[in-house]
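> Following this message is one structure expressed as structure tokens.
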Amino acid sequence: MSEQAVREPVLSTEIPGLKKFISGKVRDVYDLGETLLLVASDRISAFDVIMPNGIPDKGRVLTQMARFWFRTLRPIAVTHYISCDDDFIAAAITAAGGELTPELKQKLSGRATLGVKANAFPVECVVRGYIAGSLWKEYCQVGGREKAITLHGYEFPAGLRESDKLPTPIFTPATKAESGHDENISTARAAEIVGAEIAAELESTSIALYSAANALAASRGIILADTKFEFGLRNGSLTLIDEALTPDSSRYWAVADYEPGKSQASFDKQFVRDWLEASGWKKEPPAPVLPPEVVAGTRAKYLEAFERITGLTELS
């Protein structure tokens, strides 16, 4: 990645004249009438708490990686993506009644996505190619290291190691619990929530997207261990929405460093999590300010993921 001046992190946005549809952990979403504008901030959260300081350029990495994947995966799924072009988005903001100063346009540059509206399903579509994270914890909790077990409708052999590759990718949908944590559910439960036909389409489309993305990542020395997608319905068509295959929604590992039997180094906010775990913080608000070396290390990981996956050397 060529050296670029480190910008001040963008922690929040306000666009005069536009209604903010929602403000999540990372994205501010504006309602433009027929479309939605998603602005990825540089906010970073860990253990469901937003940190007081952000990671410079993180939002730009998320936006531009998602753009790469939306374009790449078009043959597999309809997506909400329209454009990330700064001038096109500026015109859309103005047409919707928003006021855009040169300073605000610069603030939004490279971190905004214009997308079509869709009725979102209340199910997150998680695909796992490796046993890691919450799935590994569940496997251990029910005794999988000593005996064959069944989880979420899938049979797992005894004695798997943390980070082992699964025989085939599996679909483990999730919902949001009131606490904000993802709550794994069975495919049968997903069918009860969205209907059997939609649930089957969500599963097949998610696995197809994961498989294509993992194959491309592997060709670039990266393992896509797991990821999550969000879908909605637009004009009767299943539509991939929100973002796709960024370090915030996906677990990426370097092929060269892969060693089953332990947790793997990831291209994400691992620096932040590790520092917080060692800091003595009780994982409740308010969160401590991240030190400069943690911010810099996290930023470097996000930029490395962007470069290795997209093949680009600079953020636009």
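Conditions (1) closer than 24 Å to Ser316 by Cα; (2) surrounded by fewer than 21 Cβ atoms within 10 Å (Cβ to Cβ); (3) not β-branched (Val, Ile, Thr), marked per residue:
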site	(1), (2), (3)
Glu8	yes, yes, yes
Lys19	no, yes, yes
Asp28	yes, no, yes
Phe47	no, yes, yes
Met51	no, no, yes
Gly59	yes, no, yes
Leu62	yes, no, yes
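> So which residues in the range 115-151 are touching a helix residue (DSSP H, G or I) at 6+ places or on another chain (Cβ under 7 Å) and crowded, with 21+ Cβ neighbours inside 10 Å, if there are any at all?
Those that are touching a helix residue (DSSP H, G or I) at 6+ places or on another chain (Cβ under 7 Å) and crowded, with 21+ Cβ neighbours inside 10 Å: Phe121, Val123, Cys125, Val127, Arg128, Gly129, Ile131.
> Would you mention how many residues in the range 180-238 are modelled with pLDDT of 95 or more, in contact with an Asp or Glu (Cβ under 6 Å, 6 or more places away or on another chain) and not acidic (Asp, Glu)?
2
> Given the conditions (1) within 26 Å of Gly280 (Cβ to Cβ); (2) surrounded by fewer than 18 Cβ atoms within 10 Å (Cβ to Cβ); (3) within 19 Å of the chain's Cα centre (by Cα), which single one is not true for Gly24?
Evaluating Gly24 over (1) within 26 Å of Gly280 (Cβ to Cβ); (2) surrounded by fewer than 18 Cβ atoms within 10 Å (Cβ to Cβ); (3) within 19 Å of the chain's Cα centre (by Cα) leaves (1) as the failure.
> A further question follows. Scan (1) at positive phi; (2) surrounded by 15 or more Cβ atoms within 10 Å (Cβ to Cβ) for the single condition Ser211 breaks and write down its number.
Failed condition: (1).
> Right, next: Out of the strands (runs of 3 or more DSSP E) lying entirely within the range 118-231, which hold 3 or more residues that are of a type outside the set (Val, Ile, Thr)?
The strands (runs of 3 or more DSSP E) meeting that bar are 125-130, 154-156, 165-171, 182-184.
> Also, quick follow-up: Residues in the range 11-23: is at least one at pLDDT 95 or above and in contact with a Pro (Cβ under 6 Å, 6 or more places away or on another chain)?
Checked against the condition, which is being at pLDDT 95 or above and in contact with a Pro (Cβ under 6 Å, 6 or more places away or on another chain), the range 11-23 yields no hits at all.
> Sticking with this structure for a sec: Determine the pairs where a residue that is outside the structural domain of Ser250 (by TED's automatic domain parsing), located within the range 66-83, has a partner that is in a loop (DSSP other than H, G, I, E, B) and acidic (Asp, Glu) with Cβ atoms under 8 Å apart, the partner being 6 or more residues away or on another chain.
Correct list of pairs: Ala66/Glu243; His80/Asp242.
> Going through the range 1-59 one residue at a time, which ones are part of a loop (DSSP other than H, G, I, E, B), farther than 16 Å from Leu114 by Cβ and among the hydroxyl-bearing types (Ser, Thr, Tyr)?
Ser2, Ser12, Ser41
> Starting from the range 12-32, keep only residues that are closer than 20 Å to Pro56 by Cα, then list their pairs with residues that are of a type in the set (D, E, K, R) and in a loop (DSSP other than H, G, I, E, B) whose Cβ atoms are within a distance under 6 Å, requiring at least 6 positions of separation or different chains.
Between residues of the range 12-32 that are closer than 20 Å to Pro56 by Cα and residues that are of a type in the set (D, E, K, R) and in a loop (DSSP other than H, G, I, E, B), the close pairs are Val26/Arg43.
> Only one of (1) under 21 Å from Ile44 (Cα atoms); (2) in contact with a helix residue (DSSP H, G or I) (Cβ under 8 Å, 6 or more places away or on another chain); (3) surrounded by fewer than 17 Cβ atoms within 10 Å (Cβ to Cβ); (4) in contact (Cβ under 8 Å) with a residue 60 or more places away in the chain fails for Pro286. Which number is that?
Every listed condition holds for Pro286 apart from (2).
> Restricting the search to the range 264-314, which residues are under 22 Å from Val6 (Cα atoms), within 18 Å of the chain's Cα centre (by Cα) and assigned to a loop (DSSP other than H, G, I, E, B)?
Phe267, Asp268, Lys269
> Name the residue, out of Leu202, Leu276, Leu240, that is crowded, with 17+ Cβ neighbours inside 10 Å, under 20 Å from Arg67 (Cα atoms) and not assigned by TED's automatic domain parsing to the domain that holds Thr72.
Going through Leu202, Leu276, Leu240 in turn, just one is crowded, with 17+ Cβ neighbours inside 10 Å, under 20 Å from Arg67 (Cα atoms) and not assigned by TED's automatic domain parsing to the domain that holds Thr72: Leu240.
> Looking at this structure, is Lys269 closer than 28 Å to Met51 by Cβ, touching a Ser or Thr at 6+ places or on another chain (Cβ under 7 Å) and surrounded by 15 or more Cβ atoms within 10 Å (Cβ to Cβ)?
Yes: the conditions hold for Lys269.
The values are calculated or read from the model by the stated rules, or taken from the named source; none is laboratory data. Everything quoted here is computed from the prediction, not taken from an experiment. As a convention, Cβ positions derive from the backbone with ideal geometry for all residues, glycine included, and neighbour counts pool all protein chains shown.
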